1. Could you list all residues from region 19-53 that are out of contact with any strand residue (DSSP E or B) (no Cβ under 9 Å at 6 or more places or on another chain) and either part of a strand (DSSP E or B) or in contact (Cβ under 8 Å) with a residue 60 or more places away in the chain (or both)?
2. Restricting to region 161-198, give me the number of residues that are buried (at least 18 other Cβ atoms within 10 Å of the Cβ) and assigned to a loop (DSSP other than H, G, I, E, B).
3. Is it the case that some residue within region 38-54 is among the hydroxyl-bearing types (Ser, Thr, Tyr) and crowded, with 20+ Cβ neighbours inside 10 Å?
4. When you scan region 143-160, how many residues do you find that are in a loop (DSSP other than H, G, I, E, B) and either crowded, with 21+ Cβ neighbours inside 10 Å or in contact with a Lys or Arg (Cβ under 9 Å, 6 or more places away or on another chain) (or both)?
5. So if I check each of THR130, THR96, THR70, which one is part of a helix (DSSP H, G or I) and either of a type in the set (Ser, Thr, Tyr) or modelled with pLDDT under 90 (or both)?
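The values are calculated or read from the model by the stated rules, or taken from the named source; none is laboratory data. Keep in mind the model is a prediction, meaning the values are calculated, not measured. Quick reminder, even Gly has a Cβ in these numbers, built from the backbone with ideal geometry, and neighbours come from all protein chains shown.
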Amino acid sequence: MAGAAQRFRLILASASPRRRELLAQAGYVFTVEAADVDETLRESEAPDVYVKRLAEEKARAVLERYLDPTLIDETDKDGAPGLSSRMSLVVLGADTTVVCDGEILAKPADGEDAKRMLRRLSKRVHEVLTGVAVATRAGVVSGVETTLVTFSEIPEAELDLYCATQEPMDKAGAYGIQGYAARWIPRIDGDYFNVMGLPIARVVRMIEGLWSLSERTGRVDVLAREGQLCGVALADDGWQTLEAAEVGDDRHLGLAHREDGVGGRHPHVARSDQIHASADAVAVHRGDHRLR
C-alpha cells in the first residue's frame with residue numbers, strides 16, 4: 001500500500017469528502033487543506049483548460065503556504081511531520097465539471113437549477129472532466145481525465161423527489177454517480193472514480209512517478225518559461241517523460257536525460273517539436289541540444 005512506504009508528506013487541496021475517501025482508499029496518508037481560489041470561468045476558456053487551471057491553482061495555493069521557511073515547524077499540530085523534517089511535500093489539487101454540448105454544468109444554485117441541469121442530461125451522453133495537479137517545490141505536473149456518462153430518461157416524479165433533497169447541491173451537474181442518480185446511469189466509458197471526482201489510478205501514477213524521480217535524482221528536473229513548469233517522470237526506455245506538457249508550444253521546454261549504456265546520464269533539452277503525446281504522458285525523444 002502507498003501509505004505503508006510513504007516517504008513524503010501529502011496534502012489534499014480539497015474539502016471534498018469523496019476525494020478524501022478515494023485518496024484514503026488508495027492507501028495514502030495525508031492531511032486536508034482546502035484552497036480558496038476564484039473559480040470563475042474565463043472568457044472563451046475551454047472546459048478541459050478550465051478544470052486543469054483550477055486544479056493547478058488549488059495545488060499551488062496550498063503549496064505556497066509552506067514556502068516561507070520561517071513558518072515551518074518540526075511537527076504540525078496534527079502530529080504530521082513538519083516540512084523541516086526530511087520528508088518532501090506533495091500537494092494534490094483537483095477540479096471536476098460536467099460538460100453537455102460544450103456547456104459547463106457546475107454546481108447548481110438551487111433546486112430549480114438542479115432540475116434544469118438534469119433535464120439537459122436526461123437521455124443524453126455527456127462528459128465528466130477532472131483536472132488533477134500534483135505540486136512540489138520543483139513544479140507542477142497536471143492533466144485532465146475524461147469519462148463519458150450515459151443517462152437514461154429521468155422521470156419527472158423522480159426528478160422532483162431527488163431535487164427536493166440536498167444531494168445534488170454540492171455536485172457538478174447536480175448528481176453523484178455513487179448516490180441516488182446511479183439509477184439513471186446505465187453506462188459509462190472511462191474511469192468510474194473520475195465521475196466521483198478523482199481519477200485515482202491516474203493520480204497514483206502522477207504522484208508515484210514524480211516522487212520516484214525525485215528520490216532517484218535528488219530533485220525533479222524542470223525548465224520553465226513564462227511561469228509554466230513542466231514536471232518530469234521516468235520512462236521505461238530510460239528516457240524521461242513530461243506529464244501533460246504543453247505540446248506544440250515553443251515557449252515550453254523539457255529537460256531529458258539519455259542513458260549512454262555505460263552508466264552515464266547526458267542531459268538534453270527537448271524542444272516542443274520533439275515532444276509527442278501518448279495516452280498518459282508526453283514522451284521526450286532525443287534532443288539535439290546537449291547541455292554543457
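1. If the condition is that a residue be out of contact with any strand residue (DSSP E or B) (no Cβ under 9 Å at 6 or more places or on another chain) and either part of a strand (DSSP E or B) or in contact (Cβ under 8 Å) with a residue 60 or more places away in the chain (or both), then LEU22, GLN25, ALA26 are the ones that fit.
2. Of region 161-198, the ones buried (at least 18 other Cβ atoms within 10 Å of the Cβ) are 162-163, 168, 171-177, 181, 184, 191, 193-198.
So of that shortlist, the ones also assigned to a loop (DSSP other than H, G, I, E, B) come out as 171, 175-177, 191, 197-198.
Looking only at that region, the number is 7.
3. Just the residues of region 38-54 that are among the hydroxyl-bearing types (Ser, Thr, Tyr), to begin with: 40, 44, 50.
Those still in the list that are crowded, with 20+ Cβ neighbours inside 10 Å too: 50.
Yes.
4. First, the residues of region 143-160 that are in a loop (DSSP other than H, G, I, E, B): 151-155.
With either crowded, with 21+ Cβ neighbours inside 10 Å or in contact with a Lys or Arg (Cβ under 9 Å, 6 or more places away or on another chain) (or both) added as a condition, the list becomes 151-154.
Count: 4.
5. Going through THR130, THR96, THR70 in turn, just one is part of a helix (DSSP H, G or I) and either of a type in the set (Ser, Thr, Tyr) or modelled with pLDDT under 90 (or both): THR70.
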